[in-house]
Structures are given as structure tokens and as C-alpha cells.
Amino acid sequence: MFAEMTINAPKSLSVAAALHPEVSSALDQAQQDALGEIRRWLGQHSVIRVGPRDAREVLPIEQMQVVGIRHKTSRAGDPHRHIHMQIGTRVFAAGKWRALDTAALFKQQGAIRALGTAVIAAHPHLAQTLAEHGLTLDPVSGEVVELQPFNGVMSKRSAQIRRNLVRLEAEWETEHPGEALGPIMTAKLQGIAWTHKRPGKKPTDLKNEQWWVQELRDAGYDPLHLDAAPCSARCSWMNLRCRRLHHGHWIAAPPHHQHGRNTACRSTSPASPPNTECKQHLPSCASSSR
């Protein structure tokens, strides 16, 4: 029925939203803007495949449905602002409703995630709201600089995975003395660590803002004595571009951060239509040549 992806916010930004209602509202708006930009990007770059295997044609879509569901907590009950984006796999193209090319969508995950992260990190209203509370939004990482040291306290799920992985690696080394842990086995152990005792969708011990604030204070949080740190130069999220790197990863960055010229999009993937020009409204896509 649909493919699902998640638009996440950095942990420190989720913590800031839990501390200040105004930041919470601004973050809601930033994530909604990120969802809107991703929807627009998907509308420009999603495709279908039509015809028999030996004469298949790749065509752009005309209509699609994308829904966002907002969540505020993690499985472990920590602050974790994220949107579950559900992309309908039935799209309108070439005169009727057809199946979305989900293979192409899977390859676009990096661009989608980079775009969502960049829109939030460069959001002017969110940055201004944080500044009014003495907090700094890093326009590249999206982290709140002063609250970033407390990410570990509010990331119990990540800590659980790390503990599981340390235990699994120690057990493997005991059973295989003198052997090196290769990348394939490392990936398997990481998967086991991620699934072992994974909390359910609804945390059994659901916390609230007052509980989180107390946890932060116990960890040394003092709003009157926060250490500010330098962050990267800011640019408006309305000037972002998507760029695919040589390794197959995507980033979203201002034009002056790009290497090479901003050209019309040229796709080398058989799942995308060739010579597709970027739309005039942002964000557009610039691909670096190989």
C-alpha cells in the first residue's frame, strides 16, 4: 500500500523542543516544511515503468499521495521528534493509476534524508526561536550546539544497542580466538544488537517534559551556564541543492558548498528518465559528473 521513511530531528533539537514550548512549535513547522519539500522533490523525480521487459519505458509520474504522521518520543520513551512519511505506491501516470517504481525510490533514500535534514538545519524561524532562548542551531548538522553534550542522556535506545554490540563482539572473539571480525560478521552482529530486546511501539514507561528536564538536571544541565560553541556559517534553506557524491551518497548543501557547476539533472540510472531538467522552484538537484 505504501513505502515508509522517517524524517528525523537531531537529538539535541528534540531536547530543546521538550524544554521550550516555543521551540516545539517552531520544530513542528520546520519538520512540516521539510515534509513539503520532500513531497515536491518526489513529485519531480518519481517514475514508473511501462511496457514489456524487452521494451520497457520509464515515465515520470503525474500524481502521488504522501502522508506524514508526527511522533514525539522514541521507543525507549526519550524525546525524539520525527515524522513517519508514508508514500503511496499507486501513482497516476500515462493516463491511469499505476505502480510506483519502488526500486528507483529506494535509490533516492539518501537524497530524501539529506533534504529533510538540511531544511530543518537551515530553517530561519527555528534558528531565531532557539536564539531567543540562548541556543544555537548549527546550520549543517542541525544540532543545538549547547545541548549536544546531553545527547547520550536522552538516547537510551542507542545506548542499549551499543551495549548489545559490545557483548556480542566479546562473545564472538571468545569463540574465535585469533580471528579478525570481518565486515560481514560485523553487519550481522549489528543487526542482532539492534533487534535484541527492542522496545515496542508504545513505551511501557512513557515519560513527559518534566521527567526529561529532571533527567537533564541530574546529568548537569543548567540553563544559566550553557557552554556555547562555534558552528558553521548559515544559509537559507530556500537556497539548498541536492548533490550526489561519487560514493553514491546524497547531500543537500548551499550552492557555494558544491564542487563543480550547477547543471540540469542528468540521470545515469535506468530507473530514472534521461535528461530531466530541474524545476525552477527549489530545491533543485545538481549532479556531479563521474
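The values are calculated or read from the model by the stated rules, or taken from the named source; none is laboratory data. No experiment lies behind these values; they were computed from the predicted model shown. Cβ sites come from the backbone with ideal geometry, for glycine too, and all protein chains shown count toward neighbours. Only protein heavy atoms, including side chains, enter the accessible area calculation; ligands, DNA and RNA are left aside. Shrake-Rupley method; radii C 1.70, N 1.55, O 1.52, S 1.80 Å.
Report the extension gain between ALA187 and VAL67 in nm, rounded to one decimal, defined as 0.36 nm multiplied by the number of residues separating them, less their alpha carbon distance.
Working: separation 120, 0.36 × 120 = 43.20 nm, distance 3.18 nm.
Gain on stretching ALA187 to VAL67: 40.0 nm.
For ALA170 and GLU4, what does the FRET efficiency come to when R0 = 51 Å and r is the distance between their Cβ atoms, rounded to the nearest 0.05?
Numbers: r = 35 Å, r/R0 = 0.68.
Efficiency at R0 = 51 Å is approximately 0.90.
Would you mind checking which residues have amide H under 5 Å from ARG90's amide H? H placed 1.01 Å from N; only 5 or more apart, or other chain.
Close amide H contacts, sequence-distant or interchain: LEU100.
Give, rounded to the nearest 20 debye, the magnitude of the charge dipole that the stretch 68-171 has about its Cα centre when Lys and Arg contribute +1 at Cβ and Asp and Glu contribute -1 at Cβ. Don't skip to the end; give the middle numbers.
On the way: 14 positive and 8 negative charges, 136 e Å.
The calculation lands at about 660 debye.
Got a number for carbon plus sulfur as a percent of the stretch 1-141's accessible area, 1.4 Å probe?
On the way: 3080 of 6010 Å².
The computed percentage sits at 51.
If Lys and Arg each add +1 and Asp and Glu each add -1, what is the summed charge of the other residues whose beta carbon sits under 14 Å from the beta carbon of GLU179? Intermediate values should be presented prior to the final figure.
Numbers: positive: none; negative: GLU169, GLU171, GLU173, GLU175.
Charge balance in the 14 Å sphere: -4.
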